Amino acid sequence: MAHSLTQLNTLQLTASCEQLITVTSIHQLEQILPVAKALVLGGGSNIFFAQHYSGTVLHNQIFGYELTHDSEFHYLSVAGGENWHQVVMNCCEMGIGGLENLALIPGSVGAAPIQNIGAYGVELANICVGVDAYSLSSGQKCYFTASQCQFAYRDSMLKRSRDFFISRVYFKLAKNWQPQLSYGELQAWRQQLAGLPSPLDVARQVIKIRQAKLPDHYTIPNAGSFFKNPVLTPSQANKLLTKFPGCPHYPAGENIKIAAGWLIDQLGLKGFSIGGAAVHSKQALVLVNQTQATPEQLIALAAYVRDQVNDKFEIRLEPEVNFIANDGYCTLEQVTNV
Ligand SMILES: Cc1cc2nc3c(=O)[nH]c(=O)nc-3n(C[C@H](O)[C@H](O)[C@H](O)COP(=O)(O)OP(=O)(O)OC[C@H]3O[C@@H](n4cnc5c(N)ncnc54)[C@H](O)[C@@H]3O)c2cc1C
């Protein structure tokens, strides 16, 4: 029997799966696992159901958290089903800093380590010390330290493996908190302030910036940045920047991260649509379900954007969203041929 997932993905694509289990406790999870063909779902804000999924969806609704301290740190342990933004705001309201730059990112705590969520100069990797996880295929319980998670830009070992249900995430937050305001729009705001902002001040400013440029997925369904920002070697970046000196770019270790939204914007694609699917009119990196788009229309739009960017800049954009077809995870190339 098919179960609807239409209300469980922020792109609001008409979607379904063979079996849907709402997981509300560790005890229940331990009874269910292993599951031969399973997909973990949190808030559905980074997922693209291209077809009916023929496996079991485990909807993570395990809640609860604990906070302890020593003289130097706050230690926060949060169950994976908790809402990420709510946790950020609860911490900020208690005066605990470290998470504030990541305010208003939709989704669950358990999904946050998967792509090492990041925004405004901070990544989950900066504050996460480890995760509790269960192997979907064996049911075995594991603890992974942050270094075992191998966090990287929108990536982790957990994402690559696709085999874990993250049940709990552990954070270590310094008591001698310093705001991280290096990001352009935050830096400009900081310069107008008389004193040091609190974590709550920073969170409120991040929310303000995000609301001004990102569509609210409740009113305009979307999955945030559809593509990752491409990371180029210094010589590749040099070549691009010689030709297009205005292209925003940021250091990424030894490499250079390029603003994908700028590349798309240069092609004049803001507002461009295929059927009900459109490039958002304010933020070119966000593809939206404007008017009852089908998965096929959004896929056609994503492929068009990717190909146009490739033709002009010789850069192949990689999707940030996770595509799910009948058998499970797949690539944009695979769904284009579905
Ligand atoms: C408007 C908007 C803005 C966004 N802004 C940002 C941003 O600034 N930075 C950023 O990094 N992301 C951003 N995102 C993307 C998204 O919010 C994050 O990736 C978020 O972590 C996804 O959480 P989720 O619970 O909705 O995950 P889902 O969409 O439910 O799942 C995403 C992936 O994680 C897996 N997963 C989910 N929960 C678990 C779990 N407990 N255990 C194991 N695997 C799991 C799923 O199987 C899937 O592969 C944005 C999205 C939207 C819609």
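List of remarks:
- Legend: residue pairs Lys37/Lys141; Lys208/Lys282; Lys213/Lys239, Cα-Cα distance threshold 20 Å; pairs beyond threshold, Lys213/Lys239.
- Extended-chain gain in nm, criterion 0.36 nm per residue less alpha-carbon gap, Ala36 and Ala300: 91.9 nm
- Taking a ≥ b ≥ c as the square roots of the Cα gyration tensor eigenvalues, the chain comes out oblate, since a/c reaches at least 1.5 and a/b does not exceed b/c.
- Think of it as helices only: each DSSP H run of n ≥ 4 in the chain is worth -39500 (n - 2.57), and spread over all residues that comes to -7500 deg cm²/dmol at 222 nm.
- Derived scalar couplings ³J(HN,Hα) [the stretch 220-235; Karplus, 6.51 cos²θ - 1.76 cosθ + 1.60; whole Hz; x for Gly, Pro]: 10, x, 7, 10, x, 4, 6, 10, 7, 6, x, 10, 10, 5, x, 6
- Shown in residue order for the stretch 177-188 are the 3J(HN,Hα) couplings computed by the Karplus curve 6.51 cos²θ - 1.76 cosθ + 1.60 at θ = phi - 60°: 5, 10, x, 9, 10, 6, 5, x, 5, 6, 5, 4 Hz (x for Gly and Pro).
- Model label zone, Asp327; criterion: amide N under 15 Å from point 7 Å along Cα-to-beta-carbon; scope the stretch 43-61: 51-55
- Simple spin-label estimate for Gln150 and Ser25 in nanometres, 7 Å along Cα-Cβ: 3.6 nm
- Distance in nm between pseudo-label sites at Ser137 and Ser71 (7 Å out along the Cβ direction from Cα): 4.7 nm
- Ranking Val321, Leu232, Val202 by Cα position along the charge dipole of the stretch 196-338, where only Lys, Arg, Asp and Glu carry charges on their C-beta atoms, puts Val202 farthest toward the positive end.
- Computed magnitude of the charge dipole of the chain (debye, nearest 20; Cβ of K, R +1, Cβ of D, E -1): 580 debye
- In Hz, Karplus ³J(HN,Hα) per residue of the stretch 60-68 (6.51, -1.76, 1.60; θ = phi - 60°; x = Gly, Pro): 6, 10, 9, 10, x, 8, 10, 10, 10
- Under 5 Å from the amide H of Glu82 lie the amide H atoms of Gly64, Val109, Gly110, each residue being 5 or more positions distant or on a separate chain, with H modelled from the backbone and absent for Pro and chain starts.
- If R0 equals 45 Å, the separation of the Cβ atoms of Lys239 and Gln180 corresponds to a calculated FRET efficiency of about 0.90.
Read-outs: derived from the displayed coordinates by stated rules, not from any lab. This structure is a prediction, so every number in the text was calculated from the model and none was measured. Don't worry about glycine lacking a Cβ; one is built from the backbone with ideal geometry, like all the others, and counts go over all protein chains shown.
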